[in-house]
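Inspection log for the structure reproduced underneath, given as structure tokens.
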Amino acid sequence: MKIFLDTADIEEIRIAARWGVLDGVTTNPTLYAKVGGSYDSILAEVCKITSGPVSAEVISDDVEAMLDEGRHFAKIAPNIVVKVAMSENGLEAISRFADEGIRTNCTLIFTANQGLLAAKAGATLISPFVGRLDDINQDGMIVIRELAEIFAIHEMDAQILSASIRNPLHVTQSAMAGAHIATIPFKVLQQMVHHPLTDKGIAQFKADWTKAREASAATS
Ligand code: G3P
């Protein structure tokens with residue numbers, strides 16, 4: 001399963017890239033609002049850090065305006081993927097982007113049927129929001145599992161991008177449920193690295209090494 005970072009924070013993206021685990025990035029208006037500045041410049045910078053897909057979200061409601069926004073983003077770098085929210089107009093925009101060879105990520109997916117429609121319209125990435133479903137007492141992983149099965153049975157090319165990830169367990173569950181990609185907040189990525197026994201083990205090895213060195217220095 002590929003790992004994308006769900007952030008518009010350049011420093012977080014640089015760190016994940018240095019760790020060698022970054023396959024792409026997703027942004028949205030909320031994540032952009034946290035960092036501010038020029039959205040275009042942020043996207044251009046992110047596309048220099050990773051050659052993987054970088055999602056840039058359109059905010060217009062009508063089809064022509066979505067197309068204008070998306071075409072503008074697509075010119076920033078070849079790895080830009082235009083993010084379009086699920087809606088009747090969104091499906092039309094996705095279909096037209098596909099005709100133009102512009103890749104899309106259909107966002108705000110909460111049911112397998114929405115994902116199926118987005119894939120049929122030509123979206124490259126389908127983003128079910130698992131955390132927001134869990135928040136309202138529905139199992140978000142069911143949508144991932146259903147879509148994985150549907151796409152496999154019908155040999156559909158769209159990729160499932162598990163989004164709205166809130167904790168490391170969501171990442172493991174997404175991988176096991178058949179998501180092709182999980183987009184992860186930086187904090188959750190850090191949580192995935194650590195385990196109390198790993199951290200304790202590192203401290204113990206360091207202490208034992210120092211003790212052994214001191215003992216050998218004292219006898220030589
Ligand atoms: O990229 C969109 C998605 O990951 C949003 O997550 O935490 O706002 O539900 P959240």
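Calculate the dipole size of the stretch 80-184 relative to its Cα centre from +1 charges on Lys and Arg beta carbons and -1 charges on Asp and Glu beta carbons; express the result in debye to the nearest 20. The partial results should precede the final answer.
Numbers: 7 positive and 11 negative charges, 51 e Å.
It works out to roughly 240 debye.
With contributions of -39500 (n - 2.57) from each DSSP H run of at least four residues, the per-residue ellipticity at 222 nm computed over the chain stands at -17500 deg cm²/dmol.
Quick one: if the Förster radius is 41 Å, what FRET efficiency do Leu169 and Glu64 give, using the C-beta to C-beta distance and rounding to 0.05? Could the numbers behind the result be given before it?
On the way: r = 42 Å, r/R0 = 1.02.
Calculated transfer efficiency: 0.45.
Note the angle between two axes, namely the Cα long axis of helix 112-121 and the longest principal axis of the Cα atoms of the chain, as a number of degrees from 0 to 90, rounded to the nearest 10. Its long axis makes an angle of about 70 degrees.
At full extension, Met192 and Met156 could sit 9.9 nm farther apart than now, given 0.36 nm per residue minus the alpha carbon distance. Think of each Lys and Arg Cβ as +1 and each Asp and Glu Cβ as -1; about the Cα centre, that makes the dipole of the chain roughly 1040 debye.
Among the listed pairs Lys34/Lys206; Lys2/Lys206; Lys83/Lys187; Lys187/Lys211; Lys2/Lys34, which have their C-alpha atoms separated by more than 31 angstrom in this model? Write down the numbers at each step before the final one.
Values: Lys34/Lys206 38 Å; Lys2/Lys206 33 Å; Lys83/Lys187 23 Å; Lys187/Lys211 34 Å; Lys2/Lys34 25 Å.
The answer is Lys34/Lys206; Lys2/Lys206; Lys187/Lys211.
Excluding Phe205 itself, what net charge comes from residues whose Cβ is under 14 Å from its Cβ, given Lys and Arg +1 and Asp and Glu -1? With Lys, Arg at +1 and Asp, Glu at -1, the net is +2.
For the chain, the residue among Ala119, His194, Ile136 whose Cα projects farthest onto the positive side of the dipole built from Cβ charges is His194.
Dividing the C-alpha radius of gyration of the stretch 61-220 by 2.2 N^0.38 Å, with N its residue count, gives 1.48.
Since every read-out is calculated from the coordinates, none of them should be taken as a lab result. Only a predicted model underlies this, so the values are computations on that prediction, with no experimental measurement involved. Here Cβ is always computed from backbone atoms with ideal geometry, including for glycine, and neighbour counts include all displayed protein chains.
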